[in-house]
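First the structure, in the form of structure tokens, and then the observations on it.
We did not get these values from a lab; they are worked out from the coordinates using the rules stated. No experiment lies behind these values; they were computed from the predicted model shown. When we count neighbours, we look across all protein chains shown, and the Cβ atoms used for this are built from the backbone with ideal geometry, even at glycine.
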Amino acid sequence: MISEEKHRTALGIASAVGAFLIWGLSPIFFKWLKAVPPFEILMHRMVWSFVFLMPLILVGGHWNAFKSALMNRRTMGILLGTTLLVSVNWFLFIWAINNNQILQTSLGYYINPLINVLLGRIFLKERLRRPQIIAVCIAAVGVGYLTLQFGRIPWISLTLAFTFGFYGLIRKTASVGALEGLALETLLMSGPALAYLCYLNAGGGGAFFRMGPRIDFLLMGTALVTALPLLLFTEGARRIFFSTVGILQYIAPSSTFLLAVFVYGEPFSTAKLWTFVLIWVALVLYSTDSVLYYRRYHSALRKTP
């Protein structure tokens, strides 16, 4: 029994780490597509993700849940909103990578968990523990310091953090699984996306079939970059504690940060250093509090008769 539990936990950690590594190293993939306009990449990402996900829905026994959500007006209304949010998030992420702003994307996803805490307090009336309040305040000081030093708001980081934060917040209200939800979101976008790509092609533009097989395969591969980490994340989250997932999620922005500084040579000024230091301090405080809280919570559950 213990051996089975250890195997389950190890598989869960491996799945979650795999998901966060793919997300964190995805700038390499999108850099390979730098010759293609970001909006066109986004359209391909929507279409090919839907093409990739539908067989998984059919073969994996998710068709009834997919169909039920598709026929539910409230669910589809919610997913329309999340589709718009994730589209903005994906587009800005791709644009930032191919405009040498990878550090800002890293900062955005470091900030995101703290934005989630803030949104939970504002919209769900969740009570914040004192360490959470301090962590959010430290993060705010970091962003404020960077704004003062550069004379402009790090809008890429904040937009990525807030769009993904609101995406998660709204998505919580839709009674649909992660796989079915993503399939429906890409369904909502794939029609307009396909129409746009056909329009580009008819006008003699577009990258597909015009920039060589390598670009064609990369554009189709956007489906894997989108769906594979989500599937791994879902599998991992089912097998390990939520607090463990919370710690592992920093693999993604950390990988992106290392790519930006050591592979792509983005300038890393003193102001950026201090901002990241403050964000890291905030995240250590937030993560430590989360781990201790969940340990106390599960300990209390075990003691309950």
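Tabulated results
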item: Taking GLU185, GLU126 and counting other C-beta atoms within 10 Å, the order from fewest to most; result: GLU126, GLU185
item: More than 26 Å apart - percent of Cα-Cα pairs taken over the range 2-303; result: 49
item: Dipole in debye (nearest 20) - the range 157-305, about Cα centre, beta carbon charges: Lys, Arg +1; Asp, Glu -1; result: 560
item: Net lengthening on full extension, ASN100/THR288 (0.36 nm per residue, minus Cα-Cα); result: 64.4 nm
item: Cross-link partners of LYS172 among lysines (Cα-Cα below 29 Å; sequence separation of 8 or more within a chain); result: LYS67, LYS125
item: Two-site label geometry, TRP32 and ARG296: point separation in nm, points 7 Å out along Cα→Cβ; result: 4.7
item: Gaussian network model of the chain, Cα within-10 Å springs - most flexible of ALA183, ALA14, ALA223; result: ALA14
item: Average Cα contact separation per residue, the range 150-305, under 8 Å, 6 or more apart, as relative contact order %; result: 17
item: Taking GLU180, GLU40, GLU235 and counting other C-beta atoms within 10 Å, the order from fewest to most; result: GLU235, GLU40, GLU180
item: Distance from the range 55-97 to the range 195-237 (C-alpha centre basis), Å; result: 17
item: The chain: relative contact order as a whole-number percent, Cα under 8 Å and 6+ apart; result: 40
item: Estimated FRET transfer efficiency when R0 is 45 angstrom, pair SER175-LYS6 (beta carbons, to 0.05); result: 0.85
